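Report on the structure given below.
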């Protein structure tokens, strides 16, 4: 398996699977007569696969907003209840849900939360967009998990046994990494560059051709959420922080303390939801 | 030449049928998995859908009603593939809101003919706006006149985009089209969410839209439309214009002109039963209201609050 072949495979991807409990929760919600698109959006925006699917649709040529829409709340205004309902009813799920799938789900959600907090503090105009970038930054891992399950298993195993980062093993075995794979898919799905670059460069944010600030926030949040120990990012270690990225978004000690306090509070709120997902799984 | 999407079990997807269709210049995309097919249909709709009855988990019905309830896709013809037994026992057509059926034993020639007929028929009835796929003038007129004739207490709402011309001049037509599509989507979704099948949305053309909803829902619909528009419009503007708060452009004499940013105006004409009997009267009231709402700053709606006293002599049904 090499890069060219992976690119070819990516072209054929119609949809990615997600966790069965989320889909069944949404299906239950859809059956409720009083449900609104906004309420469905609140659940969808916790799941990286459904979120990226929604963004794929709204940025598609048919809906006609190419590379324009980057958040779930804006997507639901444009797509409307019926389209969202159909997306839910027809979404695909992992046939066998593994513990690492839930771990990655929590990691992504936690990273999104951290991104939102930091973006708000930095006075970024649309913090929801930055949390979306954080939510879907590991989309490439879902691609590997569902499209190349054997390679993925081997990568996870080797990373664990040799004490290497997943992206190092990916590079060695398939000649590319999950960042790049996620980036290619996001671009193919017509997502805005404000999301594509942070996904592609979340391990080397200063190399991003544009939107370096968003990439830096995603990079830092990815590390922060692993250090806190929420979810499982797939690596045995907490990766090193990129110096340039840190210079870009630097927080003082007291600011950092506030960020962590706010994050802790939000993560406790999220736990009810993630627990529900785990139990049903 | 049509783009045909086939969602059937493999038995109906015989090689010779596909070859025949492709030989006629059609493009055929075949999917067994309904979920995958639907996603493809929604993101890039074909000209016609052929779907087999009795797919797993009742998804065939789900898919058909989802497409037919989608204002922008409702006109895409759907042909249902049924068995001889279905034909003998007949089906519940309120459940299967399809345009035509074909037996799974039909010949290739018959299939081809039905496809061509369905497409021709869909062209005949469509006065839809090509940009938003929403019903156009004659459908709007018919729908409002129907509502007046049936004496339903509805409000007819005229929407237009303010300062659309400077937007177009500055960003170009293709981005202007995006804004029009955005407004169309917002209207459809808000009206559908509040009123379901009791609401109607049409596209007069350019930056003008019309919708009508039950009178008591008009205000809430207008508020949501304006709220959603205000949330989305910044995404369609460049950072520098947003920061400045206005557009600048230069006229032929080289003078620098300032225009306010793009906003939305809605003029609401409540049509109590018997207040208006003809579409033209509604339109003329709307024209007066439009002037008023356009003169207000920002995105706004304006409801005609003048009281209506039914004249008993004219109409017996109003007393």
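Quick note: the coordinates plus some simple rules give every number you see, no bench work behind them. As the structure is a computational prediction, the values presented were derived from the model and not from experiment. All Cβ positions, glycine included, derive from the backbone under ideal geometry; neighbour counts span all protein chains shown.
Quick notes on this structure:
- Highest-fluctuation residue, B:145, B:192, B:253 considered, GNM on chain B with Cα pairs under 10 Å: B:253
- In plain terms, the residue of B:171, A:201, B:301 with the fewest other Cβ atoms within 10 Å comes first and the most crowded comes last, giving B:171, B:301, A:201.
- In plain terms, the chain from residue B:227 to residue B:258 could stretch by 8.7 nm, reckoned as 0.36 nm per residue minus the Cα-Cα distance.
- For chain B: span of alpha carbons on each principal axis (Å, largest first): 65, 61, 32
- Working note: 222 nm ellipticity from helices only, DSSP H runs with n ≥ 4, each -39,500 (n - 2.57), summed and divided by the residues of chain B, gives -13500 deg cm²/dmol to the nearest 500.
- Entry note, the stretch A:9-156: relative contact order of 28 percent, from Cα contacts under 8 Å with a spacing of 6+ residues.
- Mean projected area in nm² (Cα convex hull; one quarter of hull surface) for the stretch A:176-281: 8.3 nm²
- Applying D = kT/(6 pi eta Rh) to the stretch B:108-152, where Rh is the Kirkwood radius over alpha-carbon pairs, T corresponds to 10 °C and eta to 1.306 mPa s, the Stokes-Einstein value obtained is 125 µm²/s.
- Virtual spin-label span in nm between residue A:261 and residue B:208, 7 Å along Cα→Cβ: 5.9 nm
- Here r is the Cβ-Cβ distance between residue A:206 and residue A:238 and R0 is 30 Å; the resulting FRET efficiency, rounded to 0.05, is 0.95.
- Most fluctuating residue given options A:180, A:12, A:151, as computed from a GNM of chain A linking Cα atoms under 10 Å: A:12
- In nm, spacing of pseudo-spin labels at residue B:238 and residue B:296 (7 Å Cα→C-beta vector): 3.2 nm
- Label-to-label distance, residue A:253 versus residue B:110, with points set 7 angstrom from Cα along the beta-carbon direction: 8.4 nm.
- Shape analysis of the stretch B:222-274 places it in the oblate category; the axes a ≥ b ≥ c from the Cα gyration tensor give an a/c of at least 1.5, with a/b not above b/c.
- For the stretch A:143-220, the equivalent ellipsoid built from the Cα gyration tensor has semi-axes of 24, 15, 8 Å, listed from largest to smallest.
- Here the translational diffusion coefficient of the stretch B:3-125 follows from Stokes-Einstein with Rh set to the Kirkwood radius across Cα pairs; for 37 °C and 0.692 mPa s it amounts to 226 µm²/s.
- Extent of chain A along its three principal axes (Cα atoms, max minus min coordinate, largest first): 50, 46, 39 Å.
- Beta bridge orientation in chain B: antiparallel %, DSSP, nearest 5: 55 percent
- Between residue A:96 and residue B:283, the FRET efficiency from the beta-carbon distance, with R0 = 56 Å, is close to 0.35.
- By the helix-only formula, in which each DSSP H run with n ≥ 4 contributes -39500 (n - 2.57) and the sum is divided by residues, chain A has a 222 nm mean residue ellipticity of -21500 deg cm²/dmol.
- Label zone at residue B:18 (point 7 Å along Cα-to-Cβ), backbone N below 18 Å, the stretch B:81-110: B:108-109
- Ascending count of other beta-carbon atoms within 10 Å, so fewest first, for A:189, B:93, A:246: B:93, A:246, A:189
- The stretch A:69-108-the stretch B:160-236 distance, computed between alpha-carbon centres (Å): 27 Å
- Counting neighbouring Cβ atoms within 10 Å and putting the fewest first, the residues B:16, B:304 line up as B:16, B:304.
- Anisotropy class of the protein assembly as shown from Cα gyration tensor, a/c 1.5 cut: oblate
- For the protein assembly as shown, DSSP calls about 55 percent of its internal beta bridges antiparallel.
- Förster radius 51 Å - calculated FRET efficiency between residue A:3 and residue B:121, Cβ distance, rounded to 0.05: 0.60
- Length gained on full extension, residue B:305 to residue B:29, computed as 0.36 nm times the residue gap minus the Cα-Cα distance: 94.0 nm.
- For q = 0.22, 0.24, 0.27, 0.29 Å⁻¹, Debye-computed log10 I/I(0) when each Cα of the stretch A:49-106 counts as one equal scatterer: -0.87, -0.95, -1.07, -1.16
- Mean separation of Cα contacts under 8 Å (6+ apart) over length of chain A, as relative contact order %: 22 percent
- The value obtained for the stretch A:1-67, namely the Cα convex hull volume divided by the number of residues, is 128 Å³ per residue.
- Sorted largest first, the spans of the alpha carbon positions of the stretch B:137-318 along the three principal axes are 62, 33, 27 Å.
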